[in-house]
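S.K.: Once you've had a glance at the structure underneath, I'll fire off some questions.
The values are calculated or read from the model by the stated rules, or taken from the named source; none is laboratory data. Worth saying up front: this structure is predicted, and the values here are computed from it rather than measured. Here the Cβ positions follow ideal geometry from the backbone for every residue, glycine too, while neighbour counts run over all protein chains shown.
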Amino acid sequence: MTTHAYNAIIQKDGPWWIGWVEEVPGVNSQGATRDELLANLREALEEALEMNREDARKAAGESFEEIAIQL
């Protein structure tokens, strides 16, 4: 699998750090520290991408071609 870079918007909000991944709607998290937030965002992003892969493969059925698309 190819490594991709994603952008996170993060900010300190009171005692918490909160953040969102720009490119994937719904991927957001929080943490008590900046490092914890970033780890949580990575985990949330990995889970979202895996769920999206599974959904796409199920929708395509048994016969499909997988193509890498680069911007």
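S.K.: So which pairs qualify, if the first residue must be in the range 55-71 and of a type outside the set (Asp, Glu), the second must be surrounded by 10 or more Cβ atoms within 10 Å (Cβ to Cβ) and in a loop (DSSP other than H, G, I, E, B), the Cβ gap must be under 8 Å, and the two must be at least 6 apart or on different chains?
M.R.: Arg57/Phe64
S.K.: Name the single residue, out of those in the range 1-21 being exposed (fewer than 11 other Cβ atoms within 10 Å of the Cβ) and outside any strand (DSSP E or B), that is modelled with the lowest pLDDT.
M.R.: Met1
S.K.: Take the residues of the range 36-54 that are touching a residue at least 12 places away in the same chain (Cβ under 8 Å) and among the hydrophobic types (A, V, I, L, M, F, W, C): which is surrounded by the most Cβ atoms within 10 Å (Cβ to Cβ)?
M.R.: Top of the filtered list is Leu41.
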